[in-house]
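Structure record follows, encoded as structure tokens.
The values are calculated or read from the model by the stated rules, or taken from the named source; none is laboratory data. None of the values given here were measured: they were computed from a predicted structure. Note: ideal-geometry Cβ built from the backbone for every residue, glycine included; neighbour counts use all protein chains shown. For the accessible areas, the whole protein counts, side chains as well, though only heavy atoms, and no ligand, DNA or RNA atoms are used. Shrake-Rupley method; radii C 1.70, N 1.55, O 1.52, S 1.80 Å.
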Amino acid sequence: MSMPFQWPAGYASAIQPPAEFPERSIWFIFRGKELLVTTSPGIALPHCNHPKILGIMAQRIQYLGVLGEQHCYAAELAVGAAVPQGWSWQGLRALFGALDDAQFALAGRALQIVDWDRTHQYCGACGVATAARVSERSRECPECGLVVYPRLAPAVMGLVRRGREILLARSPRFPRGMYSALAGFVEPGETLEQCLEREAYEEVGIRVCKVRYFASQPWPFPHSLMIAFFADYDRGEIRVDGVEIEDARWFDAENFEHLPRLPARISIARSLIDAAIGEMRC
């Protein structure tokens with residue numbers, strides 16, 4: 001069984017940066033949720049000493065660690081910041097396959113850290129300005145002591161199997177014609193297995209059993225950790241909720257040509273579906 005995500009070999013996460021900016025580092029520079037990349041001759045990230053070399057001023061900088069032998073930084077620019085000549089702003093989804101896997105994975109991490117840091121400059125309890133802690137990735141309020149960590153929302157994804165069939169569903173938010181596995185966010189006090197069982201019943205009206213882990217994937221759209229499972233059909237007839245799901249059907253995994261449009265290969269959903277089809281064909 002292939003894992004859809006793992007940190008690249010040679011990457012070491014860290015919080016404390018070098019005393020001085022190295023002559024050449026990898027920079028993940030964001031304007032909102034867009035990443036700065038070259039436009040010619042190919043897609044690439046800035047490799048430089050500091051964003052000011054490109055004529056741009058960073059509002060905040062985060063140290064990410066070392067990839068291979070290069071230090072990595074994330075930087076946030078002001079909304080509306082101009083793009084340097086020869087560069088462009090690109091959304092992360094559009095860069096899948098354009099950046100190498102290691103840099104794409106770090107770009108997702110960088111986006112989440114930058115967004116968390118930007119939205120936690122002030123204490124949510126008393127309103128005082130927070131300060132970054134040096135011992136861990138967190139911010140602390142000097143007034144009331146509240147400590148906040150990077151936001152992470154666990155979401156469960158489940159592919160339900162019935163014999164040689166798989167259940168695929170369509171959300172109104174999906175691109176035209178696309179179907180995927182069921183998914184939903186974990187609620188307080190709920191186990192991952194309970195979440196999957198609840199989502200299956202709420203969204204399509206069926207009961208599932210024999211929930212078993214497949215893999216997980218960080219998903220920076222915006223702050224999720226996707227945890228994927230297989231589950232077996234237990235009982236019930238499909239009854240879509242009409243809100244989260246507009247259609248759901250059983251598909252014969254052996255007739256691949258009759259399957260609907262599936263999620264992009266960037267996603268754990270596609271890895272989950274492909275793994276199920278591969279197992280059924282063996």
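Summary table
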| read-out | value |
| --- | --- |
| Cα shape, the range 175-281, gyration tensor, a/c 1.5 rule | rounded |
| Estimated vicinal HN-Hα couplings, Hz - the range 82-88 in sequence order (Karplus 6.51, -1.76, 1.60; Gly, Pro = x) | 6, 8, x, 4, x, 10, 8 |
| Inter-centroid distance (Cα atoms) of the range 221-282 relative to the range 167-197, Å | 9 Å |
| Counting DSSP beta bridges with both ends in the chain, the antiparallel % (nearest 5) | 75 percent |
| Amide H within-cut-off set for Gly65, under 5 Å, with H built and near neighbours excluded | Ala14, Cys72 |
| With every protein chain in place, the chain: carbon and sulfur % of accessible area (1.4 Å) | 51 percent |
| Cα-based shape type of the range 211-255, given that a ≥ b ≥ c are square roots of the gyration tensor eigenvalues and the cut on a/c is 1.5 | oblate |
| Amide proton proximity set for Phe214, modelled H, under 5 Å, gap of 5+ | Ala228, Phe229, Phe230 |
| Folded to 0 to 90 degrees: helix 192-204 orientation relative to the chain principal axis, Cα | 60 degrees |
| Loop-resident sites, the range 221-282, for GluC sites (Glu not before Pro), counting at most 13 other Cβ within 10 Å (DSSP) | Glu237, Glu254 |
| The range 49-56 - phi-based ³J(HN,Hα) in whole Hz, Karplus 6.51/-1.76/1.60, Gly and Pro as x | 6, 6, x, 5, 4, 8, x, 10 |
| Cα-based shape type of the range 43-97, given that a ≥ b ≥ c are square roots of the gyration tensor eigenvalues and the cut on a/c is 1.5 | oblate |
| The range 202-260 - accessible surface per residue (Å², probe 1.4 Å) | 51 Å² |
| Neighbour cut-off at most 10 other Cβ (10 Å), DSSP loop, trypsin sites (Lys or Arg not before Pro), the range 154-256 | Arg173, Arg176 |
| Karplus-derived HN-Hα couplings along the range 222-236 (A = 6.51, B = -1.76, C = 1.60, θ = phi - 60°), whole Hz, x at Gly and Pro | x, 9, 9, 10, 8, 10, 9, 9, 9, 8, 9, 5, 10, 6, x |
| Cβ-based charge dipole, the chain, positive-most Cα from Pro175, Gly189, Val240 | Pro175 |
| Share, in percent, of DSSP beta bridges within the range 99-248 that are antiparallel, nearest 5 | 75 percent |
